[in-house]
1. Taking strands (runs of 3 or more DSSP E) that do not extend beyond the chain, which have at least 2 residues that are aliphatic (A, V, I, L, M)?
2. Can you tell which of Gly66, Gly28 is modelled with pLDDT under 95 and exposed (fewer than 11 other Cβ atoms within 10 Å of the Cβ)?
3. Would you pick out the residues in segment 14-42 that are free of Cβ contacts under 8 Å to residues at least 12 places away in the same chain and over 30 Å from Lys3 (Cβ atoms)?
Amino acid sequence: MPKMKTNSGAKKRFKLTASGKVKVAQAGKQHGMIKRSNKFIRQARGTMVMAEPDARVIRKHFLPNG
């Protein structure tokens, strides 16, 4: 049976923590900052831990090798 491959797009977007949770960048910060409030921009800095139901899908289908 062939090796399972990690999805190339997923490995650029997601990282796994030591306990297996999925870290992801905050959404909504790629463009269009002029229409966003300063509060939104400030609070969307850095990374967040993805919700568990979504994280389960990412781990199973896109990051099988962790």
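1. Values: elements: 14-16, 22-25, 47-49.
Here the list reads 22-25, 47-49.
2. Details: Gly28 fails: exposed (fewer than 11 other Cβ atoms within 10 Å of the Cβ).
Just one listed residue meets the conditions, Gly66.
3. Listed by number, the residues that qualify are Gln30, His31, Gly32, Met33, Ile34, Lys35, Arg36, Ser37, Asn38, Lys39, Arg42.
The values are calculated or read from the model by the stated rules, or taken from the named source; none is laboratory data. This is a predicted model, so every value here is computed, not measured. Every residue, glycine as well, gets a Cβ built from its backbone with ideal geometry; the counts of neighbours run over all protein chains shown.
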